[in-house]
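So the structure is just underneath, and the comments pick up after that.
The values are calculated or read from the model by the stated rules, or taken from the named source; none is laboratory data. All figures in this text were calculated on a predicted structure; none of them were measured in a lab. Cβ sites come from the backbone with ideal geometry, for glycine too, and all protein chains shown count toward neighbours. SASA here: full protein model, heavy atoms, side chains in, ligands and nucleic acids out. Shrake-Rupley method; radii C 1.70, N 1.55, O 1.52, S 1.80 Å.
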Protein chains: 2
Amino acid sequence: MTMPDLPTNDRFLRALRREPADTTPIWVMRQAGRYLPEYRATRERAGSFMALAQNPEYACEVTLQPLQRFDLDAAILFSDILTIPDAMGLGLSFAAGEGPQFDRPVRNAADIARLAVPDMDGELRYVMDALRLIRRELRNRVPLIGFSGSPWTLACYMVEGQGSKDFATLKAMCWNQPKLAHRLLDTLARAVATYLIAQAAAGAQVLMVFDTWGGLLGPAPFREFSLRYMAQIVAHLQADSASREMPVILFSKGAATHLAALADTGCGGLGVDWTVDLADARVAVNGKVALQGNLDPAILRASPEVIRREVRAVMDSYGNHPGHVFNLGHGITPEVDPEHVKVLVDEVHAYGRRLREQ
Amino acid sequence: MTMPDLPTNDRFLRALRREPADTTPIWVMRQAGRYLPEYRATRERAGSFMALAQNPEYACEVTLQPLQRFDLDAAILFSDILTIPDAMGLGLSFAAGEGPQFDRPVRNAADIARLAVPDMDGELRYVMDALRLIRRELRNRVPLIGFSGSPWTLACYMVEGQGSKDFATLKAMCWNQPKLAHRLLDTLARAVATYLIAQAAAGAQVLMVFDTWGGLLGPAPFREFSLRYMAQIVAHLQADSASREMPVILFSKGAATHLAALADTGCGGLGVDWTVDLADARVAVNGKVALQGNLDPAILRASPEVIRREVRAVMDSYGNHPGHVFNLGHGITPEVDPEHVKVLVDEVHAYGRRLREQ
């Protein structure tokens, strides 16, 4: 019999603790997404992305869809990285074919002073309801990941009001009014920590912070405006009884040169994009954390043979050591054939077993 | 009296040869660009970007505009990185507010077989005419840079047909039909080498290859599909009498982990984006090449004091060694105040003198 709080398939948790497991676990960033026809059907019924994300039944339904198709080792809450600023009153929407937009971007001291940590039982209750429902429906088959955007990445969108190549509006604030930028980032760090602790209490078993735009910063500003606040969040989570034992994964895209510093935050795992060789990444983090990654998502457009070959190359690069969670180096894209995801998942498990026999 | 072939201001050439100079030279990627009202006026008269680039008088006019305002140490031909595929018959255009588009993208073996190295006295004569005119008008005040996109970067746009976040169409070709991808890249490498040699013969004194999208590749594909063809071009240039002595600068954006390999191509200088500390970059290239960079272009939106402080931080990071060409880490953006460029250029020269007195 299985203990009620231990997922039946604990490969993912074992890898995050850098303990041996029968094979390499895999999940896929954005695994509940537009490449799945069943996802597109549910989104159609919901009417919009936000209506899908904010309805716990729909969110649960799409969270579970990829697990019904593929032998994945983790579920991740279906949600958006920008729920916190939306709950802060900025008004998040997604125009068709466009990225996120805020109706009320944050531009000055008064805007920032008005921001408060949202109520986890109020504006963000839908997230907690979704987590509770997903945990129930998962029946401990695999662990459930909760997540948020990083303070830097949230601030990028909040100040710019929308996507951007360089998020120069926030960068200008960091340079011209650093105190103001720090006030914003500090509020966001407290909000993200509170949010992730509430997610842990609602059933998330692993917590992840997506720092999608940290890589846009130079080395010194990365440490000052992005890393510092992720470290604050990790410290916060480790001080709270709901999340103390819970592995935290940090993922800064484009942060090849910052892996050692990220590992020093005390996080349990680091997401790694595909521009880094995992062998080099292992050296950089010096055994301190598990590594999650790092197949180029574009490889899923190649043939099954090529996908299998490239999967093996990623796994060989990590080698036969504990602490590897297979994933893409960034989210899966809409045009991928779901059959290719099956090839990916099955090859990771099969080759992971072969690696362990060597 | 000055020798007719030696520019009066040779700081830039001296830095590229890693020889001492009175101060640090600076030029700015996209220095002839939309942030200048006089550029916008000329572009307006020309009617379109391509009409501007393809008319030698207009191209000369806008090339010289930033030199009239700022104490820059180099001029760079006003042109586009995609002139070669346009000359190959793909039909380049720029819709208002959009990136480049090709009417006839390259998708299969037949498309690739049809591609030929363009005639430098035919389709690309306008570039050579522009260079000759600019050299005459410059009167050796500063050296003139000629350039091209890298084979990988040209192929990205040629196969995708337009800009893209991930250029997954070309990546899929690289994985599914590597021979085809190599045939395309090999044709492009020969075309780029021929083009740069012709530019040298027409008056360019330094040659630069922009590998804007090399950083989208993982380490092994970067070496196979991007680096290899840039190395081929450098070897080609060094074998030709017109370009043999000419410094070549390679710039792969997002290639922080590839600096040592890029330096091994035999190039004279490496462009470095702002995500790398120049002190680390110097260690990586081990004195083999000059380094060009690397202020975050977004810093030009900060106040003059901040710009000066950040300029000094970049220069301190390189230290008082020969071989630094100051530049941004990527092209200047349209909303920058031209007065801030003056602050930048003047601070580089002033602080470069102070550094040398220490």
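If you take the residues in the range A:139-187 that are polar (S, T, N, Q) and away from chain B (no Cβ under 14 Å), which one is most open to solvent (accessible area, probe 1.4 Å)?
The residue in question is A:Gln162.
For the range A:189-223, what are the residues that are among the charged types (D, E, K, R) and more than 29 Å from A:Val142 (Cβ to Cβ)?
Once the filter is applied, which keeps residues that are among the charged types (D, E, K, R) and more than 29 Å from A:Val142 (Cβ to Cβ), the range A:189-223 yields A:Arg190, A:Arg223.
Looking for something part of a loop (DSSP other than H, G, I, E, B), within 14 Å of chain A (Cβ to nearest Cβ), open to solvent by 50 Å² or more (accessible area, probe 1.4 Å) and not aromatic (Phe, Trp, Tyr) - is there at least one such residue anywhere in the range B:213-223?
no
What number of residues within the range B:224-250 satisfy the criterion of being of a type in the set (Lys, Arg) and over 19 Å from B:Pro143 (Cα atoms)?
1
If I ask for residues that are more than 9 Å from chain B (Cβ to nearest Cβ) and either assigned to a helix (DSSP H, G or I) or among the aromatic types (Phe, Trp, Tyr) (or both), which ones from the range A:259-282 would you list?
Once the filter is applied, which keeps residues that are more than 9 Å from chain B (Cβ to nearest Cβ) and either assigned to a helix (DSSP H, G or I) or among the aromatic types (Phe, Trp, Tyr) (or both), the range A:259-282 yields A:Leu259, A:Ala260, A:Ala261, A:Leu262, A:Ala263, A:Leu278, A:Ala279, A:Ala281, A:Arg282.
Quick grid of which residues meet (1) under 26 Å from A:Phe78 (Cβ atoms); (2) touching a residue at least 24 places away in the same chain (Cβ under 8 Å); (3) in a helix (DSSP H, G or I):
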{"residue": "A:Val117", "(1), (2), (3)": "yes, yes, no"}
{"residue": "A:Asp129", "(1), (2), (3)": "yes, yes, yes"}
{"residue": "A:Ile134", "(1), (2), (3)": "yes, yes, yes"}
{"residue": "A:Leu154", "(1), (2), (3)": "yes, yes, yes"}
{"residue": "A:Val159", "(1), (2), (3)": "no, yes, yes"}
{"residue": "A:Cys174", "(1), (2), (3)": "no, yes, yes"}
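Can you find a residue that is open to solvent by less than 10 Å² (accessible area, probe 1.4 Å) and either under 22 Å from A:Leu92 (Cβ atoms) or over 20 Å from the mean Cα position of the chain (by Cα) (or both) anywhere in the range A:70-79?
yes
Which of the residues that make up the range A:92-115 are in a loop (DSSP other than H, G, I, E, B) and either closer than 21 Å to A:Phe78 by Cβ or within 20 Å of the chain's Cα centre (by Cα) (or both)?
Hits for the range A:92-115 are A:Ala95, A:Ala96, A:Gly97, A:Glu98, A:Gly99.
Residue check, B:Val285 against (1) more than 25 Å from B:Leu184 (Cα to Cα); (2) away from chain A (no Cβ under 11 Å); (3) open to solvent by 20 Å² or more (accessible area, probe 1.4 Å), all met but one. Which one?
(3)
For the range A:232-258, which residues satisfy the criterion of being under 18 Å from A:Pro219 (Cβ atoms) and open to solvent by 50 Å² or more (accessible area, probe 1.4 Å)?
Residues satisfying the conditions are A:Lys253, A:Thr257.
Across the range B:21-64, what is the number of residues that are more than 28 Å from B:Glu123 (Cβ to Cβ), open to solvent by 10 Å² or more (accessible area, probe 1.4 Å) and in a loop (DSSP other than H, G, I, E, B)?
2
Restricting to the range B:224-248, name every residue that is in a helix (DSSP H, G or I) and either touching a strand residue (DSSP E or B) at 6+ places or on another chain (Cβ under 7 Å) or more than 14 Å from chain A (Cβ to nearest Cβ) (or both).
B:Ser226, B:Arg228, B:Tyr229, B:Met230, B:Ala231, B:Gln232, B:Ile233, B:Val234, B:Ala235, B:His236, B:Leu237, B:Gln238 - these are the residues of the range B:224-248 that are in a helix (DSSP H, G or I) and either touching a strand residue (DSSP E or B) at 6+ places or on another chain (Cβ under 7 Å) or more than 14 Å from chain A (Cβ to nearest Cβ) (or both).
Of everything in the range B:288-318, what is crowded, with 16+ Cβ neighbours inside 10 Å and either among the β-branched types (Val, Ile, Thr) or in a loop (DSSP other than H, G, I, E, B) (or both)? Give them in sequence order.
Listed by number, the residues that qualify are B:Lys288, B:Val289, B:Asp296, B:Ile299, B:Ala302, B:Val306, B:Ile307, B:Val311, B:Val314.
Going residue by residue through the range B:193-206, is there one that turns out to be assigned to a helix (DSSP H, G or I), among the hydroxyl-bearing types (Ser, Thr, Tyr), over 30 Å from A:Ala172 (Cβ atoms) and modelled with pLDDT of 95 or more?
yes
Can you run down the residue pairs with Cβ atoms below 9 Å, 6 or more apart or on separate chains, where the first is in the range B:296-313 and on the phi > 0 side of the Ramachandran plot and at pLDDT 95 or above and the partner is open to solvent by less than 10 Å² (accessible area, probe 1.4 Å) and assigned to a loop (DSSP other than H, G, I, E, B)?
From the range B:296-313, no pairs qualify.
Across the range B:106-138, what is the total count of residues that are open to solvent by 40 Å² or more (accessible area, probe 1.4 Å) and out of contact with any Cys (no Cβ under 8 Å at 6 or more places or on another chain)?
16
Any chance the range B:273-286 includes a residue that's touching a residue at least 60 places away in the same chain (Cβ under 8 Å) and hydrophobic (A, V, I, L, M, F, W, C)?
no
Every residue, every condition in (1) more than 23 Å from B:Arg14 (Cα to Cα); (2) acidic (Asp, Glu), yes or no:
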{"position": "B:Leu196", "(1), (2)": "no, no"}
{"position": "B:Val209", "(1), (2)": "no, no"}
{"position": "B:Gly214", "(1), (2)": "yes, no"}
{"position": "B:Leu217", "(1), (2)": "yes, no"}
{"position": "B:Phe222", "(1), (2)": "yes, no"}
{"position": "B:Val234", "(1), (2)": "no, no"}
{"position": "B:Asp240", "(1), (2)": "no, yes"}
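How many residues are within 14 Å of chain B (Cβ to nearest Cβ) and either open to solvent by 20 Å² or more (accessible area, probe 1.4 Å) or of a type in the set (Phe, Trp, Tyr) (or both) if we restrict to the range A:319-351?
7
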